[in-house]
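Step one of this worksheet: look at the structure below.
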Amino acid sequence: MKMTDNPLIIAANQLNKTVAGFKVLAREYYFDVILSVHFCPECGGRIVMTGSSECRCECGNVFDPTLAFQKSTCCERRLRRKTLHYVCSDCGNVVPSLFLFNERLFDKAYFREMAGKSRARAARQKQEMGRILAESRSDVLLLTDEPRLKSITGLLEDLDDFIGTPAPEPDFLRLDSDSVFRMADYRTHILHVVGDDCLMFSDIGPLVDDLRRDRVWRFITLIFMQNDREVMLTQYGNDFLVEAAR
Ligand SMILES: [Zn+2]
Ligand SMILES: [Zn+2]
């Protein structure tokens, strides 16, 4: 019997779907309640959520409700928006936004700018290196962009595991489709979620239930996609930004 025919697995999948549906409803309900007491600062009209801490009024006014409505609990001051969170504008304490429901603040403009700067810097370094090499007529290969895989927690170990994994079993021995790496599926998935925009590696949803394996497969696919100039990857601490290459 295949794993996917197991009644318990079928029931568990059904439960997952129900929970996901419930989360959507809970989010809608939460914002219905919270937006019922807030109105457009421009015209006093009703507002709807249109993104992560972003809302829109019928009058066309699009704004950040956390900045417009929320005060810090520490100093009762307006909040200031940082790249991935909000802080009290007086003392700098981190303040969780009331207008994010199980979501992350993600400043696309900031990451685009940072990624652009980082690419410009890399291009300058490469040019400079080319100049130095030409001057010294050296044929030594110097790597200026050293990969920093170590800074992504656990990824090296996962990659080691992956390399040490025995070759996939023949079809008739396979338990479920989760045990086979299908790069084409990952590529389609990544192209779909990234679109012509950008997002963080950690925000790309998994394709298989084994999250460790999924992370490795996602990562390997991205490396190939970067090589094919389909995406651009820029590292930020222990995560990296995935941008559509245009
Ligand atoms: Zn308005
Ligand atoms: Zn404060």
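The values are calculated or read from the model by the stated rules, or taken from the named source; none is laboratory data. Keep in mind that what you see is a predicted model, and the values were worked out from it rather than measured. With ideal geometry, Cβ positions are generated from the backbone for all residues, glycine too; neighbour counts draw on all protein chains shown. Just so you know, the surface numbers come from the protein's heavy atoms only, side chains and all, with ligands and any DNA or RNA stripped out. Shrake-Rupley method; radii C 1.70, N 1.55, O 1.52, S 1.80 Å.
Considering only the range 187-206, state which residues are under 20 Å from Ile152 (Cα atoms) and free of Cβ contacts under 8 Å to residues at least 60 places away in the same chain.
Answer for the range 187-206, where residues must be under 20 Å from Ile152 (Cα atoms) and free of Cβ contacts under 8 Å to residues at least 60 places away in the same chain: Ile190, Phe201, Ser202, Ile204, Gly205, Pro206.
If I ask for residues that are assigned to a loop (DSSP other than H, G, I, E, B), away from ligand 2 (no atom under 14 Å from the Cβ) and without any contact (Cβ under 8 Å) to a residue 40 or more places away in the chain, which ones from the range 86-116 would you list?
Asp107
Quick check on my filter: what residues within the range 45-89 are among the hydrophobic types (A, V, I, L, M, F, W, C), under 22 Å from Leu199 (Cα atoms), within 16 Å of ligand 1 (Cβ to nearest atom) and open to solvent by 60 Å² or more (accessible area, probe 1.4 Å)?
Step one: of the range 45-89, the residues among the hydrophobic types (A, V, I, L, M, F, W, C) are 47-49, 55, 57, 59, 62-63, 67-69, 74-75, 79, 84, 87-88.
Right, trim to under 22 Å from Leu199 (Cα atoms) and you get 49, 55, 62-63, 84.
Narrowing the set further to residues that are within 16 Å of ligand 1 (Cβ to nearest atom) leaves 49, 55, 62-63.
Within the range 45-89, Val62 is the sole residue that qualifies.
Identify all residues within the range 46-80 that are within 15 Å of ligand 2 (Cβ to nearest atom) and of a type in the set (D, E, K, R); write none if there are none.
Correct list: Lys71, Glu76, Arg77, Arg78, Arg80.
Test Val37 against the criterion of being out of contact with any Ser or Thr (no Cβ under 9 Å at 6 or more places or on another chain), within 16 Å of ligand 2 (Cβ to nearest atom) and aliphatic (A, V, I, L, M), and give yes or no.
Spelling it out, it is not the case that Val37 is out of contact with any Ser or Thr (no Cβ under 9 Å at 6 or more places or on another chain), within 16 Å of ligand 2 (Cβ to nearest atom) and aliphatic (A, V, I, L, M).
Mind listing just one residue for me: the one in the range 13-33 that is aromatic (Phe, Trp, Tyr) and either within 19 Å of Phe69 (Cα to Cα) or at pLDDT 85 or above (or both) and, of those, surrounded by the fewest Cβ atoms within 10 Å (Cβ to Cβ)?
In the first step, residues of the range 13-33 are kept if they are aromatic (Phe, Trp, Tyr); the result is 22, 29-31.
Imposing the further condition that a residue be either within 19 Å of Phe69 (Cα to Cα) or at pLDDT 85 or above (or both) reduces the set to 29-31.
Details: Tyr29: 11, Tyr30: 15, Phe31: 17.
Looking at the filtered set, the residue picked out is Tyr29.
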